[in-house]
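Peer 1: First, the structure itself, so that you have it in front of you.
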Amino acid sequence: MGIKIGIDLGTTFSAVAMMDEKKGQPVIVPNTQGEKITPSVIQFTDDGEIIVGTEAKEAFEAGESGCASVFKRGMGNSAPYCFINGKSYTAEDLSAILLRYLKEETEAVTGERVEEAVVTVPAYFFHKERQATINAAKKAGLKIRQIINEPTAAAMNYGVNHWRENARVMVYDLGGG
């Protein structure tokens, strides 16, 4: 039996969370480098290696070729987002690579197989952007349990310890991108 996770597939950074059954609380799952967030950057090297995360972000910032970032903004667009080493990649393709990486990192850290995921998306995502996110997750080997708006996920997380009866909550989504 596998575990269920939540993924914030972010424009600039991504994160994975799961329920800590002992505490009854959601916890961020660090990647294999011990980081709680992973830069949403991918680098394709000339020898065919795919690098994701901090190392890819550093390569991007150093101006190295073969890097892709902020591709989430292109979700739902079937046109190529970039051309690297003679191959075209859509935002969906790049998101699938990032999601697969996050899944594999979580499995490496927890020692358990990831069974399903809830993925957050911006509230402004319409059907085609949400469907592209679901398609990317399937390409990454993830079964999607649900797609949730980012502000809704934030409100739900806040509410874990803060709700009171008849509470009113206002959520602002300022975005990280």
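The values are calculated or read from the model by the stated rules, or taken from the named source; none is laboratory data. Quick caveat: nothing in here was measured; it's all calculated off a predicted structure. As a convention, Cβ positions derive from the backbone with ideal geometry for all residues, glycine included, and neighbour counts pool all protein chains shown. Accessible surface is based on the protein model in full, side chains and every heavy atom, while ligands, DNA and RNA are left aside. Shrake-Rupley method; radii C 1.70, N 1.55, O 1.52, S 1.80 Å.
Peer 1: What tally of residues in the range 21-51 results from selecting those that are part of a strand (DSSP E or B), over 21 Å from residue 122 (Cβ atoms), open to solvent by less than 40 Å² (accessible area, probe 1.4 Å) and not aromatic (Phe, Trp, Tyr)?
Peer 2: Filtering the range 21-51 for residues part of a strand (DSSP E or B) gives 25-28, 38-39, 41-44, 50-51.
Right, trim to over 21 Å from residue 122 (Cβ atoms) and you get 25, 27, 43-44, 50-51.
Imposing the further condition that a residue be open to solvent by less than 40 Å² (accessible area, probe 1.4 Å) reduces the set to 43-44, 51.
Add one more test, that the residue is not aromatic (Phe, Trp, Tyr), and what stays is 43, 51.
Here the count works out to 2.
Peer 1: Of all the helices (runs of 4 or more DSSP H) wholly in the range 81-177, which have at least 1 residues that are open to solvent by 40 Å² or more (accessible area, probe 1.4 Å) and modelled with pLDDT of 95 or more?
Peer 2: Details: elements: 91-110, 127-139, 150-162.
Of the helices (runs of 4 or more DSSP H) lying wholly inside the range 81-177, those with at least 1 residues that are open to solvent by 40 Å² or more (accessible area, probe 1.4 Å) and modelled with pLDDT of 95 or more span 91-110, 127-139.
Peer 1: Of all residues being β-branched (Val, Ile, Thr) and touching a helix residue (DSSP H, G or I) at 6+ places or on another chain (Cβ under 8 Å) in the range 18-54, which is farthest from residue 97 (Cα to Cα)? Just the residue, please. Walk me through how you get there before you give the answer.
Peer 2: Taking the range 18-54 first, the residues β-branched (Val, Ile, Thr) are 27-29, 32, 37-38, 41-42, 45, 50-52, 54.
Add one more test, that the residue is touching a helix residue (DSSP H, G or I) at 6+ places or on another chain (Cβ under 8 Å), and what stays is 29, 32, 38, 41-42, 50-52.
Numbers: 29: 19, 32: 17, 38: 13, 41: 10, 42: 8, 50: 9, 51: 10, 52: 8 Å.
Among them, the one singled out is 29.
Peer 1: Let me ask another. Which number in (1) among the aromatic types (Phe, Trp, Tyr); (2) open to solvent by 40 Å² or more (accessible area, probe 1.4 Å); (3) under 23 Å from residue 134 (Cα atoms) marks the one condition that residue 60 misses?
Peer 2: (3)
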